[in-house]
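Here is the structure we will look at, set down as structure tokens.
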Amino acid sequence: MKILTGNDLRTGAVIWWDGENWSLYVDNATDVGENGEEILAREEALRRVNVPYIIEAEATEDGIRPAHIKDRVRALGPTVRPDLTLQPKNPEALDWII
């Protein structure tokens, strides 16, 4: 599975391509298959995303999980402050990274 990620130009937030727009949540990401480069070029030209790129991921029973640890950290949010992650009330949220 290939998904797209980047940063929102207005807020700097990590965002994920959901097939029509950008989402804060990796679980909304869709498999772009072989269309990734085309979508990236279009979205970057529209200036809706900064430094977008394609990553490998897998769909698990718990949701979409980026293959590389760097992108798993980006998907969750700050690891030094669990209260600021995208899952602040989940005590096991940081277990998801590794």
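Before I look further, what does the chain give for accessible area per residue, probe 1.4 Å, in whole square angstrom? Present the calculation step by step, with values, prior to reporting the outcome.
Working: 6210 Å² over 98 residues.
Per residue, the chain has an accessible area of 63 Å².
Run the numbers on the chain and let me know its relative contact order in percent, using alpha-carbon pairs under 8 Å that are six or more apart.
Values: 153 pairs, mean separation 24.0, N = 98.
25 percent.
I'd like the orientation of helix 36-45 relative to the chain: the angle between its Cα long axis and the longest Cα principal axis, in ° from 0 to 90, rounded to 10.
Approximately 80 degrees, to the nearest ten.
Take the solvent-accessible surface of the protein heavy atoms, probe 1.4 Å, and return the percent of it on the chain that carbon and sulfur atoms account for. Write down the numbers at each step before the final one.
Numbers: 3110 of 6210 Å².
Within the chain, the accessible surface is 50 percent carbon and sulfur.
In angstroms, what radius of gyration and Dmax does the chain have, counting Cα atoms only?
Just the Cα atoms of the chain yield Rg and Dmax of 13.2, 39 Å.
The values are calculated or read from the model by the stated rules, or taken from the named source; none is laboratory data. Every value quoted in this text rests on a predicted model; they were computed, and no experiment measured them. Calculation scope for accessible area: heavy atoms of the full protein, side chains included, ligands and nucleic acids excluded. Shrake-Rupley method; radii C 1.70, N 1.55, O 1.52, S 1.80 Å.
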